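Notes for the one structure printed next.
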Amino acid sequence: MTLPVAEAQIPIRDLQRNPGTSISGEIRSVVGNEFILDDGTGQIIVDAGPRWYHQLSLEPGEQVTVVGEYDDYDFDAFRITRSNGEVIQIREGGGPPPWAGGRRRLAR
C-alpha cells in the first residue's frame, strides 16, 4: 500500500480528518514519540507510534514536515521529513497501524 500524496499544506488551526494531510512547523517539546508541532497558527500533538515499536530522536527546535492524519485531538504521523531531507517512515497510510494489537501480534 502506498501513502496518499499530500496535495497542499494545511495550517494547524484548519485541520480536518483527511488522510495524507501535510503540516510543517517547529518542534516545541518532545515526550517519547509524541511532540508538539507549532506552525505559527497553532500547535498540535503529533503521535509517531509507540516507543517499543520504534524510537525517534527528534529535538525541540527542529523544523519538520509531517504527513499523516488528524485524529480528533492529535495528528497521527505516517512520515516525518526533517529540514535536512531525512525521511522517517512511521507507517503506511490507511488501515490500522502495524503496532495495533500490541507486541504479541508483531511476534507472530
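With region 58-101 as the region, which strands (runs of 3 or more DSSP E) entirely inside it contain at least 3 residues that are of a type outside the set (A, V, I, L, M) and in contact with a strand residue (DSSP E or B) (Cβ under 6 Å, 6 or more places away or on another chain)? In region 58-101, the matching strands (runs of 3 or more DSSP E) lie at 63-71, 74-82. Can you find even one residue in region 34-46 that is surrounded by fewer than 17 Cβ atoms within 10 Å (Cβ to Cβ), assigned to a loop (DSSP other than H, G, I, E, B), out of contact with any helix residue (DSSP H, G or I) (no Cβ under 7 Å at 6 or more places or on another chain) and at positive phi? Yes, some residue in region 34-46 is surrounded by fewer than 17 Cβ atoms within 10 Å (Cβ to Cβ), assigned to a loop (DSSP other than H, G, I, E, B), out of contact with any helix residue (DSSP H, G or I) (no Cβ under 7 Å at 6 or more places or on another chain) and at positive phi.
Read-outs: derived from the displayed coordinates by stated rules, not from any lab. It should be emphasised that the depicted structure is a prediction, and the values quoted were computed from it without experimental measurement. Backbone-built Cβ (ideal geometry, glycine too); neighbour counts: all protein chains shown.
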